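Worksheet: one structure, shown below.
The values are calculated or read from the model by the stated rules, or taken from the named source; none is laboratory data. Because the structure is predicted, anything quoted here is derived from the model rather than measured. Because the Cβ atoms are built from the backbone with ideal geometry, glycine has one as well, and the counts that use them run over all protein chains shown.
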Amino acid sequence: MSMQDEAKPLQGREDMIEVIGLNKWFGNLHVLKDVDLNVKQGEVVVVLGPSGSGKSTFIRTLNALEEFQKGEIHIDGINLSNDVANIEAIRKETGMVFQQFNLFPHMTILRNVMLAPIWVRKWKKDKAEKIAFELLERVGIPEQAHKYPGQLSGGQQQRVAIARALAMQPKIMLFDEPTSALDPEMIKEVLDVMKTLARSGMTMVVVTHEMSFAREVADRIVLFDYGEIVEMGEPNEVFENPKHERTKAFLSQIL
Ligand code: ADP
Ligand code: MG
């Protein structure tokens, strides 16, 4: 993002993600119901909601990991249709981090981070290696570069997964419960990396149950329930003054 964009208030910025009337079914199960959501460049949206409410399906749909049946998705102006060229273009723009880190166990940390840019972006090995080192520095574990995933803690592995996603130089980062599989003492180190990323101006959509992260980092909270967005607003509004009964019920369970 340029300095000029950084200075602009969110309202004045371009939409990086535009979702209009999105509907998805798994067979007869209607999992996303008329979902509308716009995310501005540099905005951080935290997605909350009970288990099974469609949060994962929603962010997987944004990255073309799931098909949808009705509605429109535009990622940085690219229409996400079933056109393979568009899907590839969108996957290059979005990085995704999952609950499970899914690192390649037989490759070093460095090679895990270098792999995708070499294959997808056709970078030379030297360039990929240089950038991989920089990213490991950025997520705070350059000294782990030559180890294997099994030698790292869960928190370190998740930081590698973040570095790996960033290696593709995405414009958007999607996170699906990135700390849910971690021991409590490792959650903070991963959230800290995500906070730094948010402050650097990355556009982010984050599914999480970490309420302190949501309060501190989110520009906006959306709450899913039964495949619908039932509440959307700034963290203070949503936490202090939820409008919808279903939001109150959800918050009372987790806060
Ligand atoms: P969340 O991430 O909020 O827990 P999900 O998006 O994983 O919710 O799931 C939403 C609903 O879709 C749930 O009822 C779930 O069982 C169902 N679902 C998710 N993935 C599939 C799938 N591949 N096939 C069929 N049903 C699915
Ligand atoms: Mg989920």
(message) If a residue must be among the small types (Gly, Ala, Ser) and modelled with pLDDT of 95 or more, how many such residues does region 6-50 contain?
(response) 4
(request) Give just the number: which of (1) more than 14 Å from ligand 1 (Cβ to nearest atom); (2) in a strand (DSSP E or B) does Gly42 not satisfy? (result) (2)
(message) Just the residues that are crowded, with 20+ Cβ neighbours inside 10 Å and either on the phi < 0 side of the Ramachandran plot or near ligand 1 (Cβ under 10 Å from one of its atoms) (or both), please, taken from region 58-76.
(response) Phe58, Ile59, Thr61, Leu62, Asn63, Phe68, Ile73, Ile75
(request) Test Ile162 against the stated conditions and say whether it is crowded, with 19+ Cβ neighbours inside 10 Å and out of contact with any helix residue (DSSP H, G or I) (no Cβ under 8 Å at 6 or more places or on another chain). (result) no
(request) With a cut-off of at least 3 residues that are touching a strand residue (DSSP E or B) at 6+ places or on another chain (Cβ under 8 Å) and closer than 20 Å to Met173 by Cα, name the helices (runs of 4 or more DSSP H) lying wholly within region 51-163. (result) 55-62, 84-93
(message) So for region 27-46 (the condition being within 16 Å of ligand 2 (Cβ to nearest atom) and free of Cβ contacts under 8 Å to residues at least 12 places away in the same chain), does at least one residue qualify?
(response) yes
